[in-house]
Amino acid sequence: MSDYEKHVLQGVFAGIITGIAVAVMVALIPTDALGSLTEELVRHQLPTSLPPEEVEKVVESIKEMTQVALRIAPIAQIIQYILVGALFGLLKGALRNKLKLGEAVSAIVTGFIHILVLGVVPITVLSALMPELADMFTKNLNLNLYLAVLLPGVVFTASITLVSLLKGPWSRLIEAKPKSV
């Protein structure tokens, strides 16, 4: 197994851990809060020239789609974080091999880049361009939006650092030698 494959697998394991943590966090958000947020977001985005009965049809249709999406969200989030983890594992490998950073340093730098690219930049842009949307999230979900956006990155950083440094059941897969036939 090449050195890059090892880092990608570490990223995949960190992605699985992060995906499960995010799925649990989302499952803890009350469904009615998500429904309220969805309704407010839809009403905010629709043109004011629409007749009220059309607005209600659109809102109900979106609410139904949201219910379906919530059923598949946990699996989708885990798959998403597996893919993101693989990409950031590749970045970790590049930092480790090309820049000759240590195992822990490359994992932590990778985690901080994850937090910056997938957390800080998007929430900063959203807050700057559409502060009313950020307020809707905070009001309807009753949580600190910045903390909620940064938390997956923190979990990923901790996960990839631990997977990189500690020996565990994943080590056998990461360090496995190919079988010759």
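The values are calculated or read from the model by the stated rules, or taken from the named source; none is laboratory data. All of these numbers come straight from a predicted model, not from anything done at the bench. So basically every Cβ, Gly included, is an ideal-geometry build from the backbone, and we count neighbours across all protein chains shown. For the accessible areas, the whole protein counts, side chains as well, though only heavy atoms, and no ligand, DNA or RNA atoms are used. Shrake-Rupley method; radii C 1.70, N 1.55, O 1.52, S 1.80 Å.
Is it the case, given these coordinates, that Arg43 is under 30 Å from Ser2 (Cα atoms), of a type in the set (D, E, K, R), open to solvent by 50 Å² or more (accessible area, probe 1.4 Å) and part of a helix (DSSP H, G or I)?
no
Look at Leu34 and say whether it is closer than 20 Å to His7 by Cβ and in a helix (DSSP H, G or I).
no
Given the conditions (1) more than 17 Å from the chain's Cα centre (by Cα); (2) assigned to a helix (DSSP H, G or I), and given that Leu101 satisfies all but one, which numbered condition is not satisfied?
(2)
If you check Leu95 against the conditions, is it surrounded by 13 or more Cβ atoms within 10 Å (Cβ to Cβ), touching a Leu at 6+ places or on another chain (Cβ under 7 Å) and at pLDDT 90 or above?
Yes; evaluated as a whole, the condition is true for this residue.
Take the residues of the stretch 1-29 that are loosely packed, with under 11 Cβ neighbours inside 10 Å and free of Cβ contacts under 8 Å to residues at least 40 places away in the same chain: which is nearest to the chain's Cα centre (by Cα)?
Here the residue is Leu28.
I'd like to verify a number: residues in the stretch 43-63 that are under 24 Å from Asp135 (Cα atoms) and either acidic (Asp, Glu) or under 23 Å from the mean Cα position of the chain (by Cα) (or both), how many?
Matching residues across the stretch 43-63 total 4.
Does any residue of the stretch 64-72 turn out to be surrounded by 15 or more Cβ atoms within 10 Å (Cβ to Cβ), under 20 Å from Thr31 (Cβ atoms) and out of contact with any strand residue (DSSP E or B) (no Cβ under 9 Å at 6 or more places or on another chain)? Steps first, please.
Taking the stretch 64-72 as the starting set, the residues that turn out to be surrounded by 15 or more Cβ atoms within 10 Å (Cβ to Cβ) are 66, 70.
Those left that are additionally under 20 Å from Thr31 (Cβ atoms): 66, 70.
From what's left, out of contact with any strand residue (DSSP E or B) (no Cβ under 9 Å at 6 or more places or on another chain): 66, 70.
Taking every residue of the stretch 64-72 in turn, at least one turns out to be surrounded by 15 or more Cβ atoms within 10 Å (Cβ to Cβ), under 20 Å from Thr31 (Cβ atoms) and out of contact with any strand residue (DSSP E or B) (no Cβ under 9 Å at 6 or more places or on another chain).
Consider the stretch 34-84. How many of its residues are touching a residue at least 24 places away in the same chain (Cβ under 8 Å), farther than 30 Å from Val8 by Cα and among the β-branched types (Val, Ile, Thr)?
3
Can you tell me which of (1) among the aliphatic types (A, V, I, L, M); (2) modelled with pLDDT of 85 or more; (3) surrounded by 14 or more Cβ atoms within 10 Å (Cβ to Cβ) is the one Val59 doesn't meet?
The one condition Val59 does not meet is (2).
Return the only residue of Val121, Val109, Val163 being of a type in the set (Val, Ile, Thr), under 30 Å from Glu40 (Cα atoms) and modelled with pLDDT of 90 or more.
Val121
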